[in-house]
Amino acid sequence: MNREVEGIRILVVDDERDIRDASERILSRVGFQLYTAKRGEEALQVFKEAHPAIVLLDLKMPGMDGMEVLKRLREWDPSILVIVITGYATVETAIEAMKQGAYDFISKPFEPDQLRIVVNRAAEKIRLTREAKNLEQEKARTLSDLDTEKSRMRTIIESLPDGVMVTNISGQVVLINLSCKHMLKLPPDTTPGRPIQDYVSDEALCNLGLDISRGKYVDYGDIPEHEFTLSDGTYLRAIAQPVLGERKECLGAILNLIDITSMKALDRLKSEFVAKVSHELRSPLSTIHEQIAVVVGDLVSSQPQQHQHLLARAKEKTQGLISLIGDLLDLSRIEEGITGREPKPVRLEELLKGIVDFLSTRASTKNQTLSLDILLENLPEINADPLALESIFGNLITNAITYTQEGGRIRVELDKAGINIRVKVVDNGFGIDEKYIDKIFDRFYRVKDERTRYITGTGLGLPIVKGLVDSLGGIIEVTSSLGEGSTFTVLLPVQQG
């Protein structure tokens, strides 16, 4: 059975029994469901009961003729396909029937193949019509589902506590939720449709959104977070990402705004607390340290060796506490943004030469070699805070001396890498295990093994260096091999401040 014609009902209306029987025999074999009638009145009754899709209709019959039957059928069902059977009528009669809505015609006597061809043509039309109807219904259902889904998504976005703003490739805002309007101090009835600059007052964030929307970021993992302040003191953090199409093309940008005012207040209180406690401790500890130094100096000759050792350890520990307090104060200044506010033109050759000369004495106590190699002459000045630079390279070189064995080598290299000034601090010391590399810039973290466990330190030197380098718009990198040494590389842009 042909599944394409399965279920299609055909009514054969003809006063000749041979025509009815032949049509039923030919068409039922290919899967059609057949009904027959020998008169017009009988045909109408069968039609009401069976609702066929195709009618083979003889035009010349006793009683109600075929043209009248055609008219009635078309009134009841305009979609009915009527194939006119004509033998005695003229071609003009068949044409008239076609004008009245008949689908096709076939002349008596006809061959089985002729009948199958004309009926299959009608069946194909029915199949295509049904498919088109199904597709239309599916499309309507899909559109309804999409509309429902859009409503759900809009409801979810509107209820989010974070601000959400979406732009198109032209930088026009196409969506903005209520939280975003509230954070940006916009009226609740603000509508999308205008450039992002009409909604956001921070120029840097607007430029970031435009750069993303226009596809200027090749690696979307490099998109930075952005923090900005409103005129009323509100702190906002913006996380931006592209909106991608099915082919991964950029269709715009989505900005997620988070209110971090309370976090900033907490950080400020923490920094103020650290600074206050550090100031309160520094003075008495300095006094104690100086008094112990006097005692150690006066009693070296008169006290037993054991007492001298205890006093020396007490002096060492108080010096460690003073260093810790100094580091905490440096960190609090970095967090408050105080460091680097007074940039000046600096020649790194001269600054590094001064640091190396100063620290050479410390290196010589361990029989170490400390050298400065200027690999490129006439390097441009950088505009930066000299104190910040001294802290960065002083810490790195001091660390290299501390974590390099007796007789080791420390080399400071200065050259240029692209648009950046590059400084390397290279040693052949203890080195750092690869598993600790990602942790050395964490506060208070110190790598301790058999060679370093007795080395005193605060664990704040490298975090301070990282904070200062970041504040200058630079980059710090480290490579190291355990037992072979370490290389700290600092890249600083020429234009600073």
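All of the numbers you see were taken from the coordinates with simple rules; none came from a lab. Owing to the predicted nature of the structure, the values given are computational and were not obtained by experimental measurement. Backbone-built Cβ (ideal geometry, glycine too); neighbour counts: all protein chains shown.
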In a shell of Cβ-Cβ distance under 15 Å around V46, excluding V46 itself, what net charge do Lys and Arg (+1) and Asp and Glu (-1) give? -2
So for the stretch 9-133, Kirkwood radius off the Cα pairs, Stokes-Einstein at 25 °C and 0.890 mPa s: how many µm² s⁻¹? 172 µm²/s
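Between beta-carbons, use under 13 Å as the cut-off and find the net charge around Q368, counting Lys and Arg +1, Asp and Glu -1.
Numbers: positive: R362, K366, R409, R411; negative: E406, D427.
The answer is +2.
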With a/c under 1.5 counting as rounded, go ahead and sort the stretch 371-411 into rounded, prolate or oblate using the C-alpha gyration tensor (a ≥ b ≥ c being the square roots of the eigenvalues; past the cut-off, prolate if a/b is larger than b/c, else oblate). oblate
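Using a 10 Å cut-off on Cβ atoms, rank the peptides 411-421, 384-394 from the highest mean neighbour count down.
384-394, 411-421
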Please report how far the C-alpha centroid of the stretch 194-250 lies from that of the stretch 378-419, rounded to the nearest whole angstrom. 36 Å
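Place the peptides 174-183, 156-165 in order of packing, highest mean first, counting for every residue the other Cβ atoms within 10 Å and averaging per peptide.
Listed from highest to lowest mean packing, they are 174-183, 156-165.
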Set K344/K466; K108/K133; K38/K125; K38/K71; K353/K439 screened for pairs whose C-alpha atoms are more than 24 Å apart: K108/K133; K38/K125; K353/K439
Using 0.36 nm per residue, how much length does the chain from K60 to Q241 gain when fully extended, once their Cα-Cα distance is taken away? 57.5 nm
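First select every other residue whose beta carbon is under 12 angstrom from the beta carbon of A400; then total the charges, Lys and Arg +1, Asp and Glu -1.
+4
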Per residue, how much space in cubic angstrom lies within the convex hull of the C-alpha atoms of the stretch 344-493? 105 Å³
